[in-house]
Ligand code: GTP
Ligand code: MG
């Protein structure tokens with residue numbers, strides 16, 4: 001792919017220089033705007049301390065949530081919401097405007113054309129893509145490839161944005177980013193600088209890291225959030241049978257946060273999931289497996305992908321559930337330069 005880059009395209013790769021990632025269009029209104037709408041700066045600061053950085057984000061909280069913030073009375077919350085509603089339209093829009101909003105959705109290349117085609121162009125912003133499948137099936141390798149491709153300019157099927165990576169399994173390998181960046185003709189140091197990475201150790205830590213992202217995402221253009229894996233810590237932190245209901249409730253809370261981040265900042269969320277044995281899978285399936293997380297996870301993901309191993313370095317991705325994609329498969333390959341098309 002790199003060999004075929006035209007000089008003009010290659011020069012655009014300079015865009016990934018840290019300072020050069022600039023907002024194409026402000027899709028969200030900063031919470032600071034409330035100050036000119038008559039809300040006092042101290043109250044705006046309280047919202048920011050609670051992880052709310054945009055008017056859009058504010059409208060994604062219930063009044064009960066907001067009055068739970070220390071120092072915000074019900075009367076203050078009413079005044080804040082009234083002011084925010086004047087800044088952002090959260091009511092009905094026409095179908096044409098909805099179409100216009102959909103146009104801000106970007107599709108980010110996976111590095112494999114056949115996988116991109118299966119996904120209708122790549123990993124979508126403003127949506128959650130879940131990948132589940134057996135170990136070594138390529139879920140984390142795709143995460144690494146997306147860390148790089150997201151930083152490509154949009155006319156090269158990238159997202160022209162930064163990447164946030166939450167790692168619950170300790171499998172992020174920054175050294176893997178280098179050959180992948182080189183494959184795409186990008187400067188590895190600049191690419192690594194545009195990834196913010198955190199290792200999470202408990203499900204609470206994982207949730208708090210998500211809260212902290214709003215501040216970063218409202219300040220700079222992010223286009224991808226990776227959570228690898230979304231469920232591992234929940235399975236470790238809630239082990240007893242009697243804890244399942246609580247686990248699912250906390251998981252739902254975290255997934256709702258992911259949905260809001262995706263929509264608020266027009267970011268693609270790529271989360272990986274583990275598989276568990278499925279005794280109800282049927283006697284004709286030798287090793288029946290299903291994604292972990294039950295209905296809670298199934299409902300949160302916009303697009304669910306199932307990965308499995310093929311021959312050698314080849315991997316197969318099947319669309320498991322997606323609102324507007326056919327149930328089909330694509331074969332890709334894991335290479336030193338990341339995910340690519342299978343050779344034969
Ligand atoms: P779990 O997290 O264990 O569930 O698996 P996963 O689906 O995340 O697997 P992962 O994406 O880590 O894929 C691991 C596979 O990628 C292994 O088969 C590795 O051999 C392969 N792999 C990793 N790095 C390279 C590389 O540089 N070159 C090639 N060709 N393969 C690699
Ligand atoms: Mg993995």
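The values are calculated or read from the model by the stated rules, or taken from the named source; none is laboratory data. Treat the numbers as computed from the prediction; the structure is a model and nothing was measured. Neighbour counts run over all protein chains shown; Cβ positions are idealised from the backbone, glycine included.
Output yes when any residue across the range 233-252 is surrounded by 19 or more Cβ atoms within 10 Å (Cβ to Cβ), within 16 Å of ligand 1 (Cβ to nearest atom) and under 16 Å from the mean Cα position of the chain (by Cα), and no when none is. No, the range 233-252 has no match at all. State yes or no: is residue 309 away from ligand 2 (no atom under 16 Å from the Cβ) and either within 22 Å of residue 145 (Cβ to Cβ) or at pLDDT below 95 (or both)? No; evaluated as a whole, the condition is false for this residue.
Number of residues in the range 208-250 that are outside any strand (DSSP E or B), more than 16 Å from ligand 2 (Cβ to nearest atom) and within 30 Å of residue 154 (Cα to Cα) equals 13.
Determine if the range 174-196 includes at least one residue that is within 16 Å of ligand 1 (Cβ to nearest atom) and within 30 Å of residue 243 (Cβ to Cβ). No: zero hits. So, residue 268, is that one in contact (Cβ under 8 Å) with a residue 24 or more places away in the chain and either away from ligand 1 (no atom under 16 Å from the Cβ) or on the phi > 0 side of the Ramachandran plot (or both) or not? Here the answer is yes, as residue 268 does meet what is asked. Just one of the listed residues (262, 298) is within 17 Å of the chain's Cα centre (by Cα) and surrounded by fewer than 16 Cβ atoms within 10 Å (Cβ to Cβ), namely 298. Considered as a group, the residues in the range 215-229 that are crowded, with 23+ Cβ neighbours inside 10 Å and in contact with a helix residue (DSSP H, G or I) (Cβ under 8 Å, 6 or more places away or on another chain) include one that is farthest from residue 267 (Cα to Cα), and that residue is 229.
Taken across the range 173-194, residues that are surrounded by fewer than 15 Cβ atoms within 10 Å (Cβ to Cβ), within 30 Å of residue 45 (Cα to Cα) and more than 16 Å from ligand 2 (Cβ to nearest atom) do occur, with at least one present. Restricting attention to the range 155-167 and to residues that are in contact (Cβ under 8 Å) with a residue 60 or more places away in the chain, away from ligand 1 (no atom under 15 Å from the Cβ) and farther than 13 Å from residue 222 by Cα, the residue that is surrounded by the fewest Cβ atoms within 10 Å (Cβ to Cβ) turns out to be 155. Across the range 95-148, the number of residues qualifying as within 16 Å of ligand 2 (Cβ to nearest atom), free of Cβ contacts under 8 Å to residues at least 40 places away in the same chain and in contact with a helix residue (DSSP H, G or I) (Cβ under 9 Å, 6 or more places away or on another chain) comes to 0. Residues that are buried (at least 18 other Cβ atoms within 10 Å of the Cβ) and out of contact with any helix residue (DSSP H, G or I) (no Cβ under 7 Å at 6 or more places or on another chain) within the range 51-63 comprise just one, 61.
Tallying residues that are away from ligand 1 (no atom under 16 Å from the Cβ) and either in a helix (DSSP H, G or I) or within 12 Å of the chain's Cα centre (by Cα) (or both) within the range 271-284 yields 3. Across the range 101-135, the qualifying residues are those that are more than 15 Å from residue 301 (Cβ to Cβ) and within 14 Å of ligand 1 (Cβ to nearest atom), and the one among them that is surrounded by the most Cβ atoms within 10 Å (Cβ to Cβ) is 111. Of all residues in the range 285-299, at least one satisfies being within 12 Å of ligand 1 (Cβ to nearest atom) and assigned to a loop (DSSP other than H, G, I, E, B).
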